[in-house]
Amino acid sequence: MRPRLNPTPPPELLQKPVVGVLLPLPLAGAYDYKLPPGSNAARGAIVAAPLGNREMLGVVWGTAEGTVGDNRLKVAEPLEGAPALPGKLCDFIDWVADYTLNPPGAILAMALRSRGAFEPEAHRTAYVRGSVTPPRMSAARTRTLEIASDGLARSISGLAEDANVSAAVVRGLVQAGALIPTQLPEFAPFKQPDASFAAPQLNTDQAEAAKVMTDAVAAKTFSAHLLDGVTGSGKTEVYFEAVAEALKQDRQVLILLPEIALTLQFLERFAARFGVRPAEWHSDLSQKERRRTYRAVMNGEARVVVGARSSLFLPFPELGLVIVDEEHEQAFKQQEGAIYHARDMAVVRARIEDCPVVLASATPSLESYVNAQSGRYTHLKLVSRHGVAEMPEVRLIDLRQERDGPDVEQKAQWLSPPLRAALEKTLAAGEQAMLFLNRRGYAPLTLCEACGHKFTCPHCSAWLVEHKYKRRMACHQCGYELPMPSACPQCHEPGTLIACGPGVERVAEEFAAFFPGARYAIASSDTLMHTGPGEMQGPLRLFARGEIDVLIGTQIVAKGHHFPQLTLVGVVDADLGGSDGDLRARERTFQLLHQVSGRAGRAEKPGLVLLQTRNPEDAVMQALARGDRDGFYEQERSFREASASPPFGRLAALVISGHDGDAVRDIARQLGKAAPNARDVKVWGPTPAFYALLRGQTRERLLVQAGRGVDVQAFLKAWLATVKVPAAVRVAVDVDPVSFF
Ligand code: ADP
Ligand code: ZN
């Protein structure tokens with residue numbers, strides 16, 4: 001049973017002067033407040049509500065509880081002129097709260113990310129031509145007034161720039177009364193995307209898929225679609241047609257991307273199709289940009305928003321289409337704070353808004369694949385690459401066989417002879433190559449040869465990773481850093497530290513030794529991010545322009561990018577994902593390697609992918625080598641079905657954490673004992689989490705496995721009510737967990 005929708009209460013119920021106000025805080029529910037005499041705020045209205053000795057924004061949520069006497073109620077002031085949150089957004093917030101077992105206020109906090117958006121709009125001063133002409137004129141003055149005569153209002157610096165004069169000239173004209181001030185809104189309006197700016201000629205398959213989606217948009221009712229197309233088949237072009245249709249229908253569009261790293265390239269691509277960039281929404285926006293975008297979404301000025309998962313909670317008044325690109329990505333699952341899956345909640349939002357949702361991927365999640373197979377989603381397939389491009393050939397390199405012989409002068413540790421031969425050939429042909437290893441830094445483990453000491457993080461159960469360029473060791477979980485030591489801190493012997501295993505920096509080092517003339521760059525989140533979001537794409541851009549030959553990168557290079565000259569992809573360690581970790585390890589490994597393989601040969605020249613593995617017989621490796629994606633999915637599906645794993649059964653996790661390890665283990669034990677008996681429900685644990693220590697917090701886990709028909713939320717609620725948890729211990733609920741760390 002799914003939680004029921006909370007319908008918007010009828011307006012007559014809301015006209016009472018006492019209302020329930022939801023505050024953006026993790027409180028149990030809405031609090032009662034009085035409204036000032038004469039006002040009647042409906043659901044969604046923004047109010048300033050006193051709480052303790054502060055005042056905060058709240059939202060009228062519904063009728064009052066009536067548990068507090070009228071005379072003791074505080075007054076919430078409706079915010080003058082502030083637009084209300086759309087009723088459907090309020091319904092969505094309730095739904096997400098019910099489903100994820102988070103307090104609704106914690107979800108509301110994600111929807112009220114910009115307080116400033118509700119305050120009266122600020123203005124800026126600009127100048128237009130007045131009727132006065134000053135007696136003393138100069139060439140500069142004449143030019144300035146000529147420019148200003150077009151009627152446009154410009155700032156002092158803007159006008160100075162347009163007329164090519166100094167700001168002093170403009171100020172002089174203001175003083176003389178020749179330019180008169182006028183008030184403009186703080187922000188220039190968003191430019192409107194043009195549905196027919198540069199529409200592509202679609203091929204037959206593409207046109208068919210586009211037709212289904214544009215019809216769905218025109219129908220203005222809920223429908224779900226899986227746009228399942230091989231890498232390079234033109235999924236983006238195809239869903240852009242649905243975007244164009246929504247624009248024609250005067251509806252807004254939300255496009256969710258898994259990572260900010262992908263947005264910049266996407267914005268440009270969108271502009272090439274629609275003439276202007278869309279609005280963007282992610283954590284790198286400044287307060288000001290946030291205010292501008294939030295407001296523009298709310299008043300309908302922003303027609304298309306591209307964003308990370310948090311954009312799901314923006315106040316669209318007329319949403320007509322939701323797109324989730326790379327829908328299989330785990331980054332859509334928010335693991336901190338309120339735990340929710342943005343892809344799943346995007347489908348819910350579309351249902352509440354009564355509009356279509358499109359999930360796009362070349363390697364769908366097994367959940368979406370099953371939904372498409374069963375007909376719950378329409379299955380739109382693009383089976384070939386657009387134009388002349390073919391799918392790349394995938395070959396396995398068996399690392400157990402391929403070693404440098406004794407006669408080779410320079411021995412390789414990470415790049416086997418066949419991979420080196422292929423690199424040589426590619427470079428000689430003037431083409432580009434990519435080396436992929438999903439591990440940042442130089443080496444994942446450093447140990448002392450003399451005493452066996454391993455460098456671990458003091459706050460996490462994790463090794464410290466050497467970063468050679470930064471000359472530091474870093475914990476990839478909490479960010480703890482240490483300058484690279486020269487001696488072992490335990491036995492103090494000098495020169496005994498050895499780096500174990502490769503990270504991208506180490507692969508790059510070996511590559512440079514073998515190919516001294518080649519131009520290469522490393523791309524990983526740490527080397528890209530520290531330059532700031534604007535420059536984030538540096539190495540990727542150089543690679544796209546052909547200014548470097550080889551890109552050596554982590555998963556950040558695996559997705560979404562289109563490099564026409566890239567013909568060789570070498571996967572340094574295809575076994576890294578592991579196939580016997582958690583439930584989704586095989587699926588994830590397949591998706592990642594398939595995605596990274598999909599970077600090769602996307603234009604005229606055919607692509608080659610070399611996977612270095614120690615398990616060439618493994619089903620994932622075999623499926624990749626044979627290009628048998630659906631075979632892999634069918635196998636994975638029957639495996640999940642046999643074990644009643646999602647989507648054929650349900651999972652939920654409790655993660656108990658806190659600084660006091662004994663208290664954490666105690667609560668975990670109590671919860672373990674208190675698990676209610678219910679049909680078709682099994683509870684596993686408690687056990688220490690994979691990261692038993694994370695950021696100084698001890699962590700224990702419990703896992704609930706339930707049949708498909710079980711009301712997991714009701715089960716969890718009943719269970720959690722039995723144990724009193726002290727404030728120092730946190731119990732996080734993760735419904736439909738996707739990772740098990
Ligand atoms: P996917 O998202 O499926 O990997 P893309 O949408 O990125 O594929 O398309 C791959 C490349 O092919 C892009 O450069 C895109 O512009 C081009 N392309 C796809 N379809 C068309 C088309 N109908 N006309 C022109 N170019 C196309
Ligand atoms: Zn750490």
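Data overview
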quantity: Extent along principal axes [Cα atoms of segment 191-271; Å; largest to smallest]; calculated: 33, 32, 25
quantity: Mean accessible surface per residue for segment 649-735, computed with a 1.4 Å probe while every protein chain stays in place, in Å²; calculated: 50 Å²
quantity: Zero-based 10 Å bins, Cα pair distances in the chain, whole percents; calculated: 3, 12, 19, 23, 20, 13, 7, 3, 0, 0
quantity: Placed amide H near HIS386: partners under 5 Å, 5+ positions off or other chain; calculated: SER233, GLY234
quantity: FRET efficiency, ARG545 to THR142 (Cβ-Cβ, R0 41 Å, nearest 0.05); calculated: 0.40
quantity: Anisotropy class of segment 65-145 from Cα gyration tensor, a/c 1.5 cut; calculated: prolate
quantity: Segment 204-382: antiparallel DSSP beta bridges as a percent of all, rounded to 5; calculated: 5 percent
quantity: At most 15 other Cβ within 10 Å, DSSP loop - trypsin sites (Lys or Arg not before Pro), segment 457-490; calculated: ARG471
quantity: Cleavage-rule hits, GluC sites (Glu not before Pro), segment 553-627, DSSP coil, Cβ neighbours within 10 Å at most 15; calculated: GLU604, GLU617
quantity: Cα radius of gyration and Dmax for segment 400-492 (Å); calculated: 17.8, 51
quantity: Of all accessible heavy-atom area on the chain, the percent that carbon and sulfur account for (1.4 Å); calculated: 51 percent
quantity: Ordering of 291-300, 174-183 by burial proxy (mean other Cβ atoms within 10 Å per residue, highest first); calculated: 291-300, 174-183
quantity: Spin-label pair ALA450/ALA728, simplified geometry with 7 Å Cα→Cβ offset, distance in nm; calculated: 4.0 nm
quantity: Options ALA732, PRO502, ALA163, ranked by Cα towards positive dipole end of the chain, top entry (Cβ charges); calculated: ALA163
quantity: Helix-derived mean residue ellipticity, 222 nm - over the chain, DSSP H n ≥ 4, -39500 (n - 2.57), to 500; calculated: -9000 deg cm²/dmol
quantity: Rounded accessible area per residue of segment 149-280, 1.4 Å, Å²; calculated: 43 Å²
quantity: Distance histogram in 5 Å bins (all Cα pairs of segment 649-735, percent per bin); calculated: 3, 16, 28, 24, 16, 9, 4, 1
quantity: Rough spin-label spacing in nm, given labels placed 7 Å along Cα→Cβ, for GLU393 and PHE648; calculated: 3.7 nm
quantity: Over segment 204-382: Kirkwood hydrodynamic radius from C-alpha pairwise inverse distances, Å; calculated: 16.1 Å
quantity: Per residue value of the accessible surface for segment 18-112 (all protein chains in place, 1.4 Å probe), Å²; calculated: 40 Å²
quantity: Pair HIS123, ALA271: separation of 7 Å Cα→Cβ label points (nm); calculated: 3.1 nm
quantity: Shape box of segment 123-185 [Cα atoms, principal axes, largest first, Å]; calculated: 32, 22, 19
quantity: Rel. contact order, % - alpha carbon contacts under 8 angstrom, at least six apart, the chain; calculated: 10 percent
quantity: R0 of 60 Å, Cβ-Cβ distance SER739-ASN71: FRET efficiency to nearest 0.05; calculated: 0.75
quantity: Positive-end residue of GLY62, PRO37, GLY52, charge dipole of segment 18-112 with Cβ unit charges; calculated: GLY52
quantity: 17 Å cut-off, amide nitrogen to a point 7 angstrom out along HIS459 Cα→Cβ, residues in segment 476-499; calculated: 476-483
quantity: Proportion of all alpha-carbon pairs of segment 318-374 beyond 18 Å (%); calculated: 35 percent
quantity: D_trans [Stokes-Einstein, Kirkwood Rh over alpha-carbon pairs] for segment 18-112, 4 °C, 1.567 mPa s, µm² s⁻¹; calculated: 98 µm²/s
quantity: Computed FRET value (nearest 0.05) for ARG115 with GLU336, which takes r as the C-beta separation and R₀ as 22 Å; calculated: 0.55
quantity: Kirkwood hydrodynamic radius (C-alpha pairs) into Stokes-Einstein, segment 296-421, 37 °C and 0.692 mPa s, D in µm²/s; calculated: 175 µm²/s
quantity: Full-extension gain in nm, ALA167 to ARG403, via 0.36 nm per residue minus C-alpha separation; calculated: 78.0 nm
quantity: Length gained when the stretch GLN622-LYS191 is fully extended (0.36 nm per residue, less Cα-Cα span); calculated: 150.2 nm
quantity: Value of relative contact order over segment 370-527, rounded to a whole percent, pairs C-alpha under 8 Å and six or more apart; calculated: 20 percent
quantity: Segment 123-185: relative contact order in percent, alpha carbon pairs under 8 Å with at least 6 residues between; calculated: 54 percent
quantity: Proximal lysines relative to LYS220, as straight alpha-carbon distance under 27 Å, when same-chain residues fewer than 8 apart are discounted; calculated: LYS88, LYS191, LYS211, LYS235, LYS248, LYS381
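The values are calculated or read from the model by the stated rules, or taken from the named source; none is laboratory data. Since the structure is predicted, the reported quantities are computational estimates derived from the model, not experimental observations. Reconstructed Cβ throughout: ideal geometry from the backbone, glycine too, with neighbour counts over all protein chains shown. Side chains included, ligands, DNA and RNA excluded: accessible areas come from the protein's heavy atoms. Shrake-Rupley method; radii C 1.70, N 1.55, O 1.52, S 1.80 Å.
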